[in-house]
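Asker: First the structure, which I've put down as structure tokens, then a few questions once you've had a look.
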Amino acid sequence: MNKKSGFNFSRAYSIAKKEFRHLLRDPFTLTLALGLPIALLIFFGFAINYDIKNIHIGVFDGDLSIASRNLVDVFQSSGYFKTDPLPLDQDPLQRLDTEKEKAILIINPKFGRHLAAGKTESAQIVLDGADNLVSGIISEYLSGIEDSFNSQLPQKGIPPPKVQEKVRYLFNPELNSHWFFVPGLIAVINGLISILLTALTVAREWENGSMEMLLSTPVQPSEIILGKLTPYAVLGIGGVLLVFIAARFIFGVPMNGSYLLLSFSTLAFLSATLAQGLLISVLTRQQQLAMQIAITTGLLPAFLLSGFIFPVQNMPIFFRYLTSILSVRWFMQILRPVFLRGSNFLDLQTAIAMLSLLTALLIIGSIKGFKRDLEP
């Protein structure tokens, strides 16, 4: 049979219509696309939390004065620490060895007397450095504790400094970690699900033997790719919409940017991830192998190299360039600024351009990699 040359939208539409019908008859795929993203967002959204509170700090009070008790009260009333008095006849650092405390507050015997005399005095904080994440957060809390305690001390006639440092946090005044992590989770979760959805579609056609029937028609590879991409793009948009609602109303993440800009960038991101899954499916022709490659290329890079946990600018130069081929990295640079800062198109034009470029390259790669012969 002679093959018609050129792209035909009616043939692409027929393939998309057929794929839509297949999706509607496949509850597993619908659950994977719509139910799993919101379930994972809620689970990881509550599980990942850097707002550490109720940190156990042992108190070795060698002074037992009013000043030392005031210092302990500042720690206790901050809401971040739970103070545990330690016996004076034991080595306080042993509590760190047993991991019963994350920090130890050691107050010298003449602490209150020196403060009353107007002398400079200090209290020692010993942190458990084995967990550098928690110790770093405790260090940030300590500066606030110090300021709060010093504000209660009498000035002894000493005038306050003429220049006072006041720190104000923009875009996230409460430093709520949910506001930072949940937009990143939207990118990670929906990116992975999108890759998995299309990674199996062409491979399933080859394994079921229906691809041979499809290739006997005048349909072109570009029509197959577009026809299979469109239904999953609609399904992916539905999944993103659900997790967006969850982010806004369950975690209270503010939306300060443009909905139109978010919609456009989301469509570009989903197109890139769906095309990545299609490329995997086209090249492997095997569902099991396609699934393995999809998880390997979609999960680990999204968590470790996208900027979700570790800032890209802090990575070695090789990995900074390597992340440029990851669509989730560029979408991550769009989501957080749009949600929290209200960034506009000009602020995000590089990330949007890179997403568009990756989408085009992956779709072209899927079309070029599609082979009409029956041999793998």
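Asker: I need 249, 244 ordered by Cβ neighbour count within 10 Å, fewest first. Each step should come with its number before you reach the end.
Answerer: Values: 249 9, 244 23.
Ordered by Cβ neighbours within 10 Å, fewest first: 249, 244.
Asker: Once amide H atoms are placed 1.01 Å from N in the peptide plane, what residues at a sequence separation of 5 or more from residue 81, or on another chain, have their amide H within under 5 Å of its amide H?
Answerer: Close amide H contacts, sequence-distant or interchain: 54, 55.
Asker: Another one. What value, in deg cm²/dmol to 500, does the helix sum -39500 (n - 2.57) over DSSP H runs of n ≥ 4 give at 222 nm once divided by the residues of the chain?
Answerer: Details: 17 runs with 219 residues, N = 376.
It lands at -18500 deg cm²/dmol.
Asker: Subtract the Cα-Cα distance of residue 13 and residue 255 from 0.36 nm times their separation in residues, and report this length gain in nm to one decimal.
Answerer: Working: separation 242, 0.36 × 242 = 87.12 nm, distance 3.52 nm.
So the chain would gain 83.6 nm between residue 13 and residue 255.
Asker: In degrees, nearest 10, range 0 to 90: what is the angle between the Cα axis of helix 9-24 and the longest Cα principal axis of the chain?
Answerer: 60 degrees
Asker: Using DSSP to call loops (not H, G, I, E or B), can you name the chymotrypsin sites (Phe, Trp or Tyr not before Pro) in the range 1-77 whose Cβ has at most 14 other Cβ atoms within 10 angstrom? Could you put the intermediate results ahead of the total?
Answerer: Values: sites: 7, 9, 13, 20, 28, 43, 44, 46, 50, 60, 75; in loops: 7, 50.
Answer in residue order: 7, 50.
Asker: Measure nothing fancy, just the Cα-based angle from helix 132-150's long axis to the longest principal axis of the chain, in degrees from 0 to 90, nearest 10.
Answerer: Helix 132-150 sits at roughly 40 degrees to that axis.
Asker: Of 196, 133, 30, how do they rank once you tally other Cβ atoms within 10 Å and put the fewest first?
Answerer: By the 10 Å Cβ count, ascending, the order reads 133, 30, 196.
Asker: Right, next: Taking a ≥ b ≥ c as the square roots of the Cα gyration tensor eigenvalues, with a/c under 1.5 meaning rounded and otherwise prolate when a/b beats b/c, else oblate, which class fits the chain?
Answerer: On the way: a/c = 3.54, a/b = 2.79, b/c = 1.27.
It comes out prolate by the Cα gyration axes.
Asker: Calculate one ³J(HN,Hα) per residue across the range 207-222 by plugging θ = phi - 60° into the Karplus curve 6.51 cos²θ - 1.76 cosθ + 1.60, and present them in order as whole Hz with x for glycine and proline.
Answerer: 5, 7, x, 7, 5, 4, 5, 5, 6, 7, 9, x, 5, 9, x, 5
Asker: Something else about it: If all Cα-Cα distances of the range 55-150 are sorted into 10 Å bins from 0 onward, what percent lands in each bin, rounded to whole numbers?
Answerer: Computed distribution, short to long bins: 16, 51, 30, 4.
Asker: Next question, about the same structure. Taking the beta-carbon count within 10 Å as an exposure proxy, list 135, 68 from fewest neighbours to most.
Answerer: Details: 135 14, 68 21.
Neighbour counts put them in this order, fewest first: 135, 68.
Asker: Okay, moving on. Distance from the Cα centre of the range 297-320 to that of the range 91-116, in angstrom?
Answerer: Between the Cα centres of the range 297-320 and the range 91-116 lies a distance of 39 Å.
Asker: What is the distance in Å between the Cα centres of the range 117-149 and the range 192-218?
Answerer: 59 Å
Asker: Over the chain, what is the relative contact order in percent, taking alpha-carbon pairs closer than 8 angstrom and at least six residues apart?
Answerer: Details: 507 pairs, mean separation 79.9, N = 376.
Computed over the chain, the figure is 21 percent.
Asker: Sticking with this structure for a sec: Between residue 22 and residue 64, 0.36 nm times their residue separation minus their Cα-Cα distance comes to what? Can you show the working numbers first?
Answerer: Details: separation 42, 0.36 × 42 = 15.12 nm, distance 7.46 nm.
Here the segment from residue 22 to residue 64 would lengthen by 7.7 nm.
Asker: I'd like the projected area of the range 171-287, averaged over all directions, using the convex hull of its alpha carbons. Report it in nm² with one decimal. Spell out each step's value before the answer.
Answerer: Details: hull surface 33.2 nm².
That works out to 8.3 nm², a quarter of the Cα hull's surface.
Asker: Go ahead and collect, in residue order, the members of the range 330-344 whose backbone nitrogen is under 12 Å from a label point 7 Å along the Cα-Cβ direction of residue 263.
Answerer: Label zone hits: none.
Asker: Between the helical axis of 259-284 and the dominant principal axis of the chain, each derived from Cα atoms, what acute angle in degrees is found, rounded to the nearest 10?
Answerer: Here the helix axis deviates by roughly 60 degrees.
Asker: Taking H as built 1.01 Å from N, whose amide H comes closer than 5 Å to the amide H of residue 342, not counting residues under 5 places away?
Answerer: Close amide H contacts, sequence-distant or interchain: 256, 257.
Readers should treat all values here as calculations from the given coordinates under stated rules, not as data from a laboratory. All values reported here derive from a predicted model rather than from experimental measurement. Note: ideal-geometry Cβ built from the backbone for every residue, glycine included; neighbour counts use all protein chains shown.
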